[in-house]
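Data first, discussion second: the structure below is written as structure tokens.
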Amino acid sequence: MITGSYDAIVVGAGIVGAACAATLAGDGHRVLVIDASFAAGGATAAGMGHLVVMDDSPEQLALTAYSSQLWRELAAELSAAAEYERRGTIWIADGDSQLAMLQAKKRVYERAGIACELLDDRALADAEPFLRPGLAGGLLVPSDAVVYQPIATLYLLRLARARGAMLREGCRVDAVIPRGVRLRGGDVLLADVIINAAGAEASALVPALPVIPRKGHLAITDRYPGLCSHQIVELGYLASAHAMTTESVAFNLQPRATGQVLIGSSRELVGWDASPNPRIARLMLARARHFMPALATASVLRMWTGFRPATPDKLPLIGRWGGEATPDLWIAAGHEGLGITMALGTAHLIADLIAGRETAIDAAPYAPSRVGSFPVARAAS
Ligand SMILES: Cc1cc2nc3c(=O)[nH]c(=O)nc-3n(C[C@H](O)[C@H](O)[C@H](O)COP(=O)(O)OP(=O)(O)OC[C@H]3O[C@@H](n4cnc5c(N)ncnc54)[C@H](O)[C@@H]3O)c2cc1C
């Protein structure tokens, strides 16, 4: 039975769906957001909230830089509870051999107009006194930020609703059909455009999408104000994120406004098995102590897992899916470990493409049509 009709239906109320809803509603579309569970759950609840310009590829750099700029513009609207803080990132070199990599990274950022500063061993120790002595140096990117992403997501949804959008939680979309969706239970909702923003579950609705869950652990400590002041990431993090190995860990530390410290991170390909993996957790915490010995006496209060929506080429899928059966279907999914950073840029690309406007950055590299060239990866069951 047809029970409603909208300009746009966004499937998924994670940070990507919320951002799409706010932007589309801002364009005057009558938007419905549907979530099988609840808003700001999913990967969004599990993430770290690091808003980071990342340079694994020129396309990744373009979208993270664009989105980071949009976050800076949004920051003034966010409440204090969203804990947006311009902390800056320090990428650290473990050994002289990584210094050349830091210099190369600096050149890439500078070419992209992103201010950054090389820190020698002394300057690094001054900036982060609790890091292990003897580290070779660091690259400070001052414009990077952190945010408490569940609150930011709820803000985007509030913004969408203020612009006329509606939200239905606890409501699963079972199928995308021509000009609409079919809900669990059989009801049908119609829309001019449907946006699949279902995160790591995006491929359940569109099986040809090569989006798979990539599990990650995070830990949070008790309050230790001053233990670190910047987001600190080992240079090896990029390699850990890039290589689709079955498991990896990399040191990634984030100061929270509460004085707590978030410790990450791990990557595993284990399908949808959300259970904590004590071996991986031990490796992740040992890696953190390797870089910051003071963490050995820190009390870890809680640890959890979540699923990054991963694609084979490490870029999200943003744009029209099309196809004969579902010409009105659009995709905004597959952001892996950068979905919080990239959410705002994604939403603007989607809205501009739907409106036929020029996009601020070239949208072609993110077009879902490229999946035809991928070997189809599937999650272990
Ligand atoms: C450990 C970890 C650390 C991370 N750290 C960072 C970080 O520091 N910075 C960063 O930028 N990113 C980070 N990420 C990545 C980021 O969290 C994700 O890329 C982002 O949250 C994806 O958002 P999303 O809206 O696409 O998906 P989700 O947040 O998963 O939302 C998708 C929503 O769709 C709903 N849904 C699914 N299927 C259906 C259906 N059939 N019908 C209705 N609803 C459906 C789900 O219930 C869910 O709420 C991290 C991720 C992890 C796991």
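Annotations
- Residues in the range 253-304 that are β-branched (V, I, T) and exposed (fewer than 13 other Cβ atoms within 10 Å of the Cβ): T258, T297.
- Only a single criterion out of (1) out of contact with any strand residue (DSSP E or B) (no Cβ under 9 Å at 6 or more places or on another chain); (2) polar (S, T, N, Q); (3) within 13 Å of the ligand (Cβ to nearest atom) is not satisfied by N252, namely (1).
- Condition check for F307: surrounded by 17 or more Cβ atoms within 10 Å (Cβ to Cβ), among the hydrophobic types (A, V, I, L, M, F, W, C) and away from the ligand (no atom under 16 Å from the Cβ): no
- Residue ID - surrounded by the most Cβ atoms within 10 Å (Cβ to Cβ), chosen from residues in the range 194-224 that are within 30 Å of F130 (Cα to Cα) and within 9 Å of the ligand (Cβ to nearest atom): K215
- Failed item, numbered, when L167 is tested on (1) within 26 Å of A325 (Cβ to Cβ); (2) within 12 Å of the ligand (Cβ to nearest atom); (3) among the aliphatic types (A, V, I, L, M): (1)
- Any hit, the range 317-329, residues being without any contact (Cβ under 8 Å) to a residue 12 or more places away in the chain, assigned to a loop (DSSP other than H, G, I, E, B) and of a type in the set (D, E, K, R): yes
- Residue count for the range 19-53, restricted to those that are within 9 Å of the ligand (Cβ to nearest atom), hydrophobic (A, V, I, L, M, F, W, C) and under 13 Å from the mean Cα position of the chain (by Cα): 8
- Test: residue in the range 91-101 that is in the same structural domain as V261 (by TED's automatic domain parsing) and within 16 Å of the ligand (Cβ to nearest atom): yes
- Among all residues of the range 259-274, there is at least one that is within 12 Å of the ligand (Cβ to nearest atom) and outside any strand (DSSP E or B).
- When the helices (runs of 4 or more DSSP H) confined to the range 125-243 are screened for residues that are in contact with a Leu (Cβ under 7 Å, 6 or more places away or on another chain), those reaching at least 2 such residues are found at 149-162, 202-205.
- The residues of the range 1-25 that are polar (S, T, N, Q) and within 20 Å of P178 (Cβ to Cβ), listed by number, are T3, S5.
- From the options L238, L253, residue that is closer than 18 Å to V141 by Cβ, in contact with a Phe, Trp or Tyr (Cβ under 9 Å, 6 or more places away or on another chain) and touching a residue at least 60 places away in the same chain (Cβ under 8 Å): L238
- Tally of residues being touching a helix residue (DSSP H, G or I) at 6+ places or on another chain (Cβ under 6 Å) and among the small types (G, A, S) across the range 165-197: 2
- The residue pairs whose first member lies in the range 104-129 and is within 16 Å of T89 (Cα to Cα), whose second member is of a type in the set (D, E), and whose beta carbons are closer than 8 Å, counting only pairs six or more residues apart or on different chains, are K105/D55; V108/D55; Y109/D55; C116/E110.
- Meets criteria (modelled with pLDDT of 95 or more and surrounded by fewer than 16 Cβ atoms within 10 Å (Cβ to Cβ)) for A80: yes
The values are calculated or read from the model by the stated rules, or taken from the named source; none is laboratory data. Only a predicted model underlies this, so the values are computations on that prediction, with no experimental measurement involved. No Cβ is skipped: glycine too gets one built from the backbone with ideal geometry, and neighbour counts run over all protein chains shown.
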